[in-house]
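Heads up: the structure comes next, in structure tokens.
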Amino acid sequence: MGYGALKTYLKAHPEADKKIDGFTQDQRCFLAWSQIWATKAKPEWLKQILSKDPHSPGEYRMIAPAQHEANFYSAFHIQQGDPMWLDEKARANIW
């Protein structure tokens, strides 16, 4: 939804659709998403919390949704063989 809102805004304000610090607005959207979930934890703590917390660790709360979003692949020119690649047949298409 956030990415869609960005695209709607940029359509109405094309002058804002420019690179900042070398990143496109599309890339910056996904980078902001990843920064929200940035965490640092010791393996021992993760092992303990995974057995009690129903939520995935932050790393996976960023990676998993991004790997299912076609716009993520377009934004970063991700292709088969790249570390973040997930075959299209394996991607969820909910919306």
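The values are calculated or read from the model by the stated rules, or taken from the named source; none is laboratory data. Predicted model only: the values in this text are computed from it and were never measured. Note that each Cβ is placed from the backbone with ideal geometry, even for glycine, and that neighbours are counted across all protein chains shown. Accessible surface is based on the protein model in full, side chains and every heavy atom, while ligands, DNA and RNA are left aside. Shrake-Rupley method; radii C 1.70, N 1.55, O 1.52, S 1.80 Å.
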Total lysine pairs whose alpha carbons fall under 30 Å of each other in segment 1-89 (8 or more apart, or interchain): 7
Taking every pair of alpha-carbon atoms in the chain, what share in percent sits in each 10 Å bin, from 0 to the bin with the longest distance? 13, 38, 32, 14, 3
Convert each backbone phi in segment 70-80 into a coupling constant with the Karplus relation 6.51 cos²θ - 1.76 cosθ + 1.60 (shift: θ = phi - 60°), then list the ³J(HN,Hα) values in order as whole Hz, x for Gly and Pro. 4, 5, 5, 5, 5, 4, 10, 6, 6, 10, 3
So for the pair Asp82, Thr39, with labels modelled 7 Å out along Cα→Cβ, what separation do we get in nm? 2.6
Would you be so kind as to identify which of Ala41, Cys29, Gln67 lies farthest towards the positive end of the dipole of the chain, taking Lys and Arg as +1 and Asp and Glu as -1 on Cβ and the Cα centre as origin? Ala41
Could you tell me what percent of the accessible area of the chain is made up of carbon and sulfur, with a 1.4 Å probe and every protein chain present? 57
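Once whole DSSP H runs in the chain are found, which of them have Cα atoms spread over 18 Å or more along the helix axis and a mean Kyte-Doolittle score of at least -1.0?
TM-like helix candidates: nothing returned.
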Note to self: with every protein chain in place and a 1.4 Å probe, the chain gives an accessible area per residue in Å² of 81
